[in-house]
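Taking it in order: structure first as structure tokens, then the write-up.
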Amino acid sequence: MSSRRIARLNDAFREEISDLLRRQVKDPRLAFFITITRVEISADISHARVYVSVMGSEEDRETALRGLEAASSFIRRQIGRRLSLRRTPEFSFRRDDSMEQGARVLELLDEVTEQESSSS
């Protein structure tokens, strides 16, 4: 399958999963602020890794991942219907901590800037 089609499917899955989580999935474990950061589909479209960022404590993140795994079959059915695919991949949800890491880097940069301005 062409890399261009895979990239389009990755984007379509990311948008559709985000929409489903916002509008249709009613699991209380998913009440946290969840962002789908990216989706990586295998070349044969049988599997897709969905990377999510969850704001909150470590316990909130683990709870949200368990909720996402429990909702994966519902999400898969809905995606198949919405995108009219012959084959819809199995979804596995993974944590993406890049947003938290970026926020931490910004905090450190602010501290360094603050220290430099106070020492001059």
In Hz, Karplus ³J(HN,Hα) per residue of segment 24-29 (6.51, -1.76, 1.60; θ = phi - 60°; x = Gly, Pro): 10, 7, 10, 5, x, 5
Restrict the search to segment 80-120; then list the trypsin sites (Lys or Arg not before Pro) that DSSP places in a loop and that have at most 12 other Cβ atoms within 10 Å of their Cβ. Arg86, Arg87
Could you let me know the centre-to-centre spacing of segment 18-71 and segment 85-111, using Cα atoms, in angstrom? 11
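When the helices in the chain are scored as -39500 (n - 2.57) per DSSP H run of 4 or longer and the sum is shared across all residues, what 222 nm value do you end up with, to the nearest 500 deg cm²/dmol?
Details: 3 runs with 69 residues, N = 120.
It comes out at -20000 deg cm²/dmol, rounded to the nearest 500.
Do you know the relative contact order of segment 1-85, to the nearest whole percent, from alpha carbon pairs under 8 angstrom that are 6+ apart?
Working: 79 pairs, mean separation 24.6, N = 85.
Over segment 1-85, the number comes to 29 percent.
Restricting everything to alpha-carbon atoms, can you work out Rg to Rh for the chain with a Kirkwood hydrodynamic radius? Numbers along the way, then the final one.
Numbers: Rg = 17.8 Å, Rh = 15.9 Å.
Computed over Cα atoms, the ratio is 1.12.
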Could you tell me which of rounded, prolate or oblate describes segment 42-100, using a ≥ b ≥ c as the square roots of the eigenvalues of the alpha-carbon gyration tensor, with rounded for a/c under 1.5 and, failing that, prolate when a/b is larger than b/c and oblate otherwise? prolate
Taking a label point 7 Å from the Cα of Arg87 along the Cα→Cβ vector, which residues of segment 44-63 have an amide N closer than 20 Å to it? 44-50
For Asp27 and Glu111, compute 0.36 nm times the residue count separating them, minus their Cα-Cα distance, and round to one decimal in nm. 26.3 nm
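Read the figures in this text as sums done on the coordinates, not as results from a lab. None of these values were measured; they are calculated from a predicted model. Note that each Cβ is placed from the backbone with ideal geometry, even for glycine, and that neighbours are counted across all protein chains shown.
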